[in-house]
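Read through the structure below, which is laid out as structure tokens, and then see the notes.
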Amino acid sequence: MGRKTKKTSKGKPNKSREKVKTTQASSKNTTGEPETDCKNNSHAEFTVDQILDKGEEYIDSFEYEMAQKFCRRALELDSDNIRALETSGSLLLELGKPEKAKQSLGRAVELNPDIGHAKYMYLGQLFDGMQAVQCFQKGIEIMTRTYEEQQKNEVAAACALNSEALTVKDISTAYCSIAELYMTDLCMEENAESECRRHLEQAMELDQDNPEPYQLMASFCLSKDNKEEAKTMIEKKCFTMATQIAS
């Protein structure tokens, strides 16, 4: 999912500071962090969103350690900021800190459980078994509702040009995530085979141009020694990918 274009305007410096202090602060700020007074929001030179914008720039360039500094600063200014919690959670996941990621994303769920699917998709990666399935299912529920609202919107065509607008491929891929769980963590469940197939069929029905469910269905069929169906799925995947490349 793409990101929205961010505003990069900075706040005006505090003119009441002594010149010597301003000079000293500038000489010390060599880390790329915004010069923000974390103890007093009224004197903050940057807003939380501006700090997170900069942090996301570092995430996009894979500078995760630097991005983490900006996430921390944002949470110091507003510990319950949803965007800061979700950004921090996804970043901690990238940094290999799953427990801390769970805390940030879990707090975001507590504060805003029915808006925003991304936190549930991240939590689905962090949990195992049925707990992961439940996270993905909640994410799909929100994604489906958001997509339907997009379609009803009079400016749906304009939304389609927005890289952050949800697509059927996003929802299809989420169903694939659940199917994968029934092929791995939950493979010993009594209904694992039927649930895996059901979710893959839903994924294919939603988006016939998404190659991922065809690939997974081929793997599933091979595990059942159903070579003919597996071959058909691989052919569909190849056709889909070739069509996308040609277009």
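The values are calculated or read from the model by the stated rules, or taken from the named source; none is laboratory data. Note that the structure is predicted; figures quoted are calculated from it, not measured. Note that we place each Cβ from the backbone using ideal geometry, even for glycine, and neighbour counts take in every protein chain shown. Side chains are part of the model used for accessible areas, which takes the heavy atoms of the whole protein and leaves out ligands, DNA and RNA. Shrake-Rupley method; radii C 1.70, N 1.55, O 1.52, S 1.80 Å.
What to note about this one:
- Ranking Asn153, Ala101, Gly129 by how far each Cα lies toward the positive end of the dipole of the range 42-153 (charges on Cβ) leaves Gly129 at the top.
- Rg/Rg_globular for the range 204-247, with Rg_globular taken as 2.2 N^0.38 Å and Rg from C-alpha atoms: 1.14
- Residue pairs, from the table Lys54/Lys169; Lys138/Lys169; Lys169/Lys236; Lys169/Lys237, whose Cα atoms sit over 19 Å apart: Lys54/Lys169
- Peptides 222-235, 193-206, 92-105, ordered by how many other C-beta atoms sit within 10 Å of their residues on average, highest first, read 193-206, 92-105, 222-235.
- Of the chymotrypsin sites (Phe, Trp or Tyr not before Pro) found in the range 60-110, the ones in coil according to DSSP and having at most 15 other Cβ atoms within 10 Å of their Cβ are Phe62.
- Element breakdown for the range 162-220 at a 1.4 angstrom probe: carbon and sulfur atoms account for 44% of the accessible area.
- Kirkwood radius and radius of gyration were both taken over the C-alpha atoms of the range 59-156, and their ratio Rg/Rh is 1.02.
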